[in-house]
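The values are calculated or read from the model by the stated rules, or taken from the named source; none is laboratory data. As the structure is a prediction and not an experimental result, all values here were calculated from the model. Cβ placement follows ideal geometry from the backbone for every residue including glycine, while neighbour counts extend to all protein chains displayed. The accessibility values were calculated without ligands, DNA or RNA, using every heavy atom of the protein model including side chains. Shrake-Rupley method; radii C 1.70, N 1.55, O 1.52, S 1.80 Å.
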Amino acid sequence: MSPKAEEVEIGGRRLRLSNLDKLMYPDVGFTKAQVIDYYARIGPAVLPHLAGRPVTMVRWPDGVDGKSFFEKRCPPHAPKWVQTTPVAWGLTACVVDDLPTLVWMANLAALELHTPQARAESWGRPDSVVFDLDPGPGATVLDCCRVGLELHDLLEQLGLTAVVKTSGSKGLHLAVPVHTAATDDETKSFALAVGQLLAKRDPKRVTVVMKKEERRGKVFVDWSQNDQNKTTVCAYSLRARPHPLVSTPISWEEVSDAIDGGDPSVLSFEAADVLERVEQLGDIYAPNVELVQELPQLAQKGA
Ligand code: ATP
Ligand code: MN
């Protein structure tokens, strides 16, 4: 039995962890202690993806069956050592640069951690282009895999490497690391242009139109996620689903095998699976924070 509250020392910081035996995922008996343990252990993999960015917490104080709220502001009760940054829309956000901050957030029942594409110090200059592949009604994650592979091939023809992760919910997230001086207007236009090309090639399966009716049976390539005020769930974040699913980096081979196997459940990874994967594979999403690539000019202004 886990105790209800406990004082711990992590990375030289004292933290009081509370309600440790509270059920955060009641269907499977996954407690707050297990949420904290997951984040503490996944720390080395997730921290590079959080570092330097204003983080939006999504908190479920009473577990995934209860109410949730987005917390974009770093709460006034945050310990003094939690790093913060002012953000463009006029508030001060938390920055997760170390393990104690990550564990402090887990203790706030911040199951999901969401980040923008840019770091605070280079706001408006995103580190990557994101393609959020959402299955419309009647489509599944396997349809997202098919479109994801097309997208991967197209990007490869442009000389660009892309990494991919499950959203931990319904779809897939693809990222093209840039780490150059590209602005979010440029990454957004690039994502739209590439999405339009895919939709033109295969209009029955792909759309870039946000309208719900347009999406039936198709994959919606959400290019608008590249806006500087938008966030995407961070790689390795838990999701508030009935099971403790994780937004999990996967290989292109796994994407292709999932299509061949026809079973979408092979792409559902829970906290324990992800810890094991990272132990074996390391952080396969690392290119997203390391790889420098230049976007091609797809359109000439005024041409
Ligand atoms: P799914 O696979 O179900 O689409 P997702 O995480 O991609 O999961 P989306 O609805 O496609 O969810 O949204 C993409 C991203 O936009 C989210 O990961 C989240 O960071 C952000 N987002 C979505 N809804 C909100 C909201 N109400 N407020 C703030 N940010 C949001
Ligand atoms: Mn999505």
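A compact table of results
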{"read-out": "Elements of type helices (runs of 4 or more DSSP H) in the stretch 189-303, at least 1 residues being under 20 Å from T115 (Cβ atoms) and not hydroxyl-bearing (S, T, Y)", "value": "271-281, 287-290"}
{"read-out": "Residue among V266, V246 that is under 23 Å from D143 (Cα atoms) and surrounded by 20 or more Cβ atoms within 10 Å (Cβ to Cβ)", "value": "V246"}
{"read-out": "Residue, farthest from N229 (Cα to Cα), within the stretch 106-123, restricted to residues that are touching a residue at least 60 places away in the same chain (Cβ under 8 Å) and either assigned to a helix (DSSP H, G or I) or over 18 Å from the mean Cα position of the chain (by Cα) (or both)", "value": "N107"}
{"read-out": "The listed residue being within 21 Å of S189 (Cβ to Cβ) and under 18 Å from the mean Cα position of the chain (by Cα), out of V130, V164", "value": "V130"}
{"read-out": "Out of V219, V194, V176, sole residue that is closer than 30 Å to A106 by Cα and open to solvent by less than 10 Å² (accessible area, probe 1.4 Å)", "value": "V176"}
{"read-out": "Those residues of the stretch 122-141 which are open to solvent by 10 Å² or more (accessible area, probe 1.4 Å) and either within 13 Å of ligand 1 (Cβ to nearest atom) or of a type in the set (F, W, Y) (or both), in sequence order", "value": "W123, D132, D134, P135, P137, A139, T140, V141"}
{"read-out": "Every residue from the stretch 198-226 that is at pLDDT below 95, within 14 Å of ligand 2 (Cβ to nearest atom) and in contact with a helix residue (DSSP H, G or I) (Cβ under 9 Å, 6 or more places away or on another chain)", "value": "M210"}
{"read-out": "Residue match in the stretch 145-160 (condition: in contact with an Asp or Glu (Cβ under 6 Å, 6 or more places away or on another chain) and not in a helix (DSSP H, G or I))", "value": "no"}
{"read-out": "Candidates E276, E290 - the one that is open to solvent by 50 Å² or more (accessible area, probe 1.4 Å) and farther than 30 Å from D185 by Cβ", "value": "E276"}
{"read-out": "Residue satisfying condition, being of a type in the set (V, I, T), buried (at least 17 other Cβ atoms within 10 Å of the Cβ) and either modelled with pLDDT under 95 or within 18 Å of T232 (Cα to Cα) (or both), within set V87, V82, V35", "value": "V87"}
{"read-out": "Scope the stretch 1-56; condition under 30 Å from R125 (Cβ atoms) and among the hydrophobic types (A, V, I, L, M, F, W, C); matching residues", "value": "I42, A45, V46, L47, L50, A51, V55"}
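Conditions tested, residue by residue: (1) part of a strand (DSSP E or B); (2) touching a Leu at 6+ places or on another chain (Cβ under 9 Å); (3) among the hydrophobic types (A, V, I, L, M, F, W, C).
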| site | (1), (2), (3) |
| --- | --- |
| R16 | yes, no, no |
| A33 | no, yes, yes |
| Y38 | no, yes, no |
| G52 | no, no, no |
| M57 | yes, yes, yes |
| C74 | no, yes, yes |
| H77 | no, no, no |
| T84 | yes, no, no |
